[in-house]
Amino acid sequence: MSQNIILKGGKNMLYCTPFLLFDGNCAEAMKFYQSCFGGELTLTKTGDTPMKDMFPPAKHNKIINAHLKGVFFLTQKCLSMINDNGSIVNFSSGTTRFANPGYIIYAAMKGAIEVFTKYLAKEVGPRGITANVVAPGGIETDFNNGIIRNNPQVKERIASITPLGRTGKAEDIGGVVAFLCSEDAHWISGQRIEVSGGINL
């Protein structure tokens, strides 16, 4: 049974519902807040889409599984196979530095990967293993159904806010990853390296 905690102090009340049951108790929680504070509760919007409509729990979990849990557990399984003095390179996104409407969950997961990589660098450092994270900007790949590569309007918009005046290519990223895995980069660890052409400076 759900355990609800009510903390009373003066005229203020805090209603805490266990997170895993939040979806089922959402309507009840909103009514409670309204009764306590008397005002309407509004939901923040991202672009033209209300945040409440963007990511139902199933899709939210899919993004978490792909971009956070998958990285964590794959790394956990592979650590015993990585040679001492090796290199780990994770991928983040420029969207952890600037806000891009519609990418709220994706960017949050990439932010988590950046923190994860810092901690990972600390964990594997005694073995001489480096751990860094590369954060691309707008790159012409299959990501998001190839929207950057296949949509001229999107390419033009990204190029217009990028000092180098174009969208990125896969080879723009590959060279940096190769460098981070080389002996020349053996003293770089726990770092976020953005490879974005300077987008949104």
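Values quoted throughout were computed directly from the atomic coordinates according to the rules given, and no laboratory measurement underlies them. Only a predicted model underlies this, so the values are computations on that prediction, with no experimental measurement involved. Here the Cβ is made from the backbone with ideal geometry for all residues, glycine too, and neighbour counts use every protein chain on show.
Once amide H atoms are placed 1.01 Å from N in the peptide plane, what residues at a sequence separation of 5 or more from Ala135, or on another chain, have their amide H within under 5 Å of its amide H?
Ser92, Ile193, Glu194, Val195
Using 27 Å as the Cα-Cα cut-off, could you pick out the over-long pairs in Lys77/Lys118; Lys59/Lys122; Lys122/Lys155?
Lys59/Lys122; Lys122/Lys155
Find the Rg to Rh ratio for the stretch 48-160, where Rh is the Kirkwood radius over alpha-carbon pairs and Rg uses the same atoms.
Answer for the stretch 48-160: 1.03.
Mind checking the stretch 112-201 for trypsin sites (Lys or Arg not before Pro) that DSSP puts in a loop (not H, G, I, E or B) and that have at most 16 other Cβ atoms within 10 Å?
Here the trypsin sites (Lys or Arg not before Pro) that fit, given the DSSP loop and packing criteria, are Arg166, Lys169.
Can you put Thr162, Thr141, Thr117 in order of Cβ neighbours within 10 angstrom, beginning with the fewest?
Ascending Cβ contact count within 10 Å gives the list Thr141, Thr162, Thr117.
For Thr141, list long-range residues whose amide hydrogen, built 1.01 Å from N in the peptide plane, is under 5 Å from its own amide hydrogen.
Correct list: Ile148, Arg149.
Could you please rank Ser93, Ser196, Ser189, placing first whichever residue has the fewest other Cβ atoms within 10 Å of its Cβ?
Arranged by neighbour count, lowest to highest, Ser93, Ser196, Ser189 become Ser189, Ser196, Ser93.
Working out 0.36 nm times the residue gap between Phe179 and Ala66, then minus their Cα-Cα distance, what length gain in nm do you get to one decimal?
So the extension gain works out to 38.1 nm.
Which distance in nm do the two modelled labels at Asn144 and Ile161 give, with both placed 7 Å along the Cα-to-Cβ direction?
A separation of 1.0 nm, rounded to one decimal place.
Using amide H atoms built 1.01 Å from N in the peptide plane, name the residues 5+ places from Gly128, or on other chains, whose amide H lies under 5 Å from its own.
Asn85
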